[in-house]
1. For Cys166, what residues show an amide H to amide H distance below 5 Å, using hydrogens built from the backbone and excluding near sequence neighbours?
2. In terms of the Cα gyration tensor, with a ≥ b ≥ c the square roots of its eigenvalues, is the stretch 33-179 rounded because a/c is under 1.5, prolate because a/b exceeds b/c, or oblate?
3. Keeping the other protein chains in place, figure out the carbon and sulfur percent of the accessible area of the stretch 31-86, with a 1.4 Å probe.
4. Would you mind putting 105-111, 80-86 in packing order, based on average other-beta-carbon counts within 10 Å, highest first?
Amino acid sequence: SSMERTLFYLCVCCCFTAVLCGTGSSKPAESKPNIVLLFADDLGYGDPSCYGHPTSSTPNIDKMASEGLFFTQFYTGAPVCSPSRATLLTGRFHPRSGIYPGVFWPDDIGGLPHDETTIAKSLKTVGYSTAIVGKWHLGVGENNTYLPTNYGFDYYMGIPYSHDMCPCPVCFYPNVSCAAVNKMCAPEYCPCPIFENDKIIQQPADFLTMNDNYMNAATSFIKSKAA
């Protein structure tokens with residue numbers, strides 16, 4: 001059997017961590033492989049157990065490290081969300097695309113310039129299907145003009161900015177409020193929306209079920225591209 005060419009880009013925003021993942025598949029698999037990208041906000045170098053943390057248990061990350069290349073040095077484009085994502089998606093230092101020095105907030109009107117060439121746009125030219133699930137943080141804009149489906153992604157599901165940029169009654173199981181652990185949870189903004197493509201499908205976002213919903217969407221997309 002064969003797989004349709006795909007790029008899958010997953011960004012799961014879970015409390016203080018964001019994981020970004022992309023996967024692609026092609027015909028033939030030997031020449032155009034699947035692509036999986038994982039991008040984590042606020043994950044320190046020593047946090048996974050495979051990097052020496054004495055108490056963290058990260059068996060899935062450890063398994064990937066043991067089965068592939070294990071890097072001990074890495075540079076990110078920026079130490080904060082929006083600029084680092086702009087750099088990863090475009091391959092350009094973030095000031096060149098104007099995403100500098102800070103991050104987008106829910107009431108910002110701008111976003112990643114539309115003339116930027118993203119990895120999704122590039123891969124679509126060679127037959128990949130593309131998706132992103134989770135945290136975007138590169139703008140929303142009027143009429144959702146800065147959401148991922150305007151940058152080469154066929155499918156998007158997620159919160160368009162950080163989950164602590166909006167109030168959440170319950171952020172951690174079973175009933176811990178976000179404000180109890182993070183004073184940045186901004187009560188002046190509307191509750192976090194979860195978008196599917198350019199439509200809001202849930203608001204406020206339910207953080208207790210969000211991970212499962214994200215993973216279901218990711219799995220469904222990948223399976224839908226299997227021949």
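1. Ala186
2. oblate
3. C and S atoms contribute 60 percent here.
4. Details: 105-111: 15.1, 80-86: 23.7.
Per-residue mean Cβ counts within 10 Å order the peptides as 80-86, 105-111.
The values are calculated or read from the model by the stated rules, or taken from the named source; none is laboratory data. The model shown is predicted, which means the values in this text are computed figures rather than measured ones. Positions of Cβ are generated from backbone atoms using ideal geometry, with glycine treated the same way; all protein chains shown enter the neighbour counts. Note: areas computed on protein heavy atoms with side chains; ligands, DNA, RNA excluded. Shrake-Rupley method; radii C 1.70, N 1.55, O 1.52, S 1.80 Å.
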